[in-house]
1. As an exercise, use a Förster radius of 41 Å and the Cβ-Cβ distance of N242 and Q188 to find the FRET efficiency, rounded to the nearest 0.05.
2. With the cut-off at 1.5 for a/c, could you classify the stretch 178-284 from its C-alpha gyration tensor as rounded, prolate or oblate?
3. Of the listed pairs K199/K277; K232/K284; K107/K225; K187/K260; K203/K277; K220/K260, which have alpha-carbon separations greater than 26 Å here?
4. What nm distance separates the two modelled labels at N128 and R71, each placed 7 Å from Cα along Cα→Cβ?
5. State the extension gain, in nm to one decimal, for the chain segment bounded by T275 and Q110, taking 0.36 nm per residue of separation less the distance between their alpha-carbons.
6. Would you mind putting 198-204, 209-215 in packing order, based on average other-beta-carbon counts within 10 Å, highest first?
7. Rounded to the nearest 5, what is the percent of antiparallel bridges among the DSSP beta bridges in the stretch 183-284?
8. How far, in nm, would the chain grow between H100 and T255 when pulled straight, counting 0.36 nm per residue and subtracting the alpha carbon separation?
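Please treat every number below as a calculation from the coordinates, not as lab data. All values derive from a computational prediction rather than experimental measurement. So basically every Cβ, Gly included, is an ideal-geometry build from the backbone, and we count neighbours across all protein chains shown.
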Amino acid sequence: MKKLLFTALAFTMLFVTSCQEERKAPTSTVSKVEDSLQKVIVQKDNEINDMMSTLNQIQEGFREIAQAENRVNIVKDGERSDKAQQIRENIAFISNTMKHNRELIEKLRQQVRESSLKGDQLKSTIENMVKQLEEKDQQLQLLRSELDAKNIHITELDQTITNLNKNVTSLTTESEQKSQTISNQDKQLNTAWFVFGTKRELKEQHILEDGKVLRSNFNKSYFTKIDIRVDKEIKLYSKSANIMTPHPSSSYTLTRDANKQYVLRITNPELFWSTSKYLVIMVK
């Protein structure tokens, strides 16, 4: 009887321990998920804080430039004996602050490029700040004309404007070049090629050999280039169609039109083209 009681007690303790471990397992899993999410949140918070800090510095620079411009306007319209010296000092301040702002804008560009966040809005903000620099350059040129009219010619101002012209032009050119590069890369990433033809036609172009596709130097010019973001429907003009390249079946449909001919509709382009950027369809 004691042996039976001991066995029952041991079984009960084993069962309780097992249940406790089962209850602990989900808690441990949830804890790991929470830790991972917390790390992602902290990373994104840090990225946002860094970018906002840079952005605030740039905005503060523009505010200081505006104040210096206001001081120049007050001095040039006044009667002070040291008018030229005051203007010279403020122009130097504007020049240095604009140079610093250009460096900060480039820093912000780099932060956006390296960030895990989608920075479309920030990219737009950066372009607007570049335009602000261009406007400041135009304002300085207008200031030079006004000072010349008042016989207040400042050599430093000429040099400042020359440097600003070069820097703003360089910054604008760089921005255009980077935009073009991004655009080209975007087109390349979203470009695919397709072809459909009979078995004989595919063999003639070395697209199909020994029952396998795209195994040798096939004729790439025989393919049609498409933008996968736009071209999501391909009419095959045939009552028989067989997709020869690997594409997830859940990413497309093959349906017949009013003439009983097949039409390929790509319902999930990203998934469809994830396995191959070449599409080969054999028709009869």
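1. After rounding to 0.05, the efficiency reads 0.90.
2. Oblate is the answer for the stretch 178-284, as a/c is 1.5 or above yet b/c matches or exceeds a/b.
3. Exceeds cut-off: K107/K225; K187/K260; K220/K260.
4. With each label point 7 Å from Cα toward Cβ, the separation is 2.8 nm.
5. Gain in length upon complete extension: 56.2 nm.
6. 198-204, 209-215
7. Bridges in the stretch 183-284 are about 75 percent antiparallel.
8. Residue separation times 0.36 nm, minus the Cα-Cα distance, leaves 49.7 nm.
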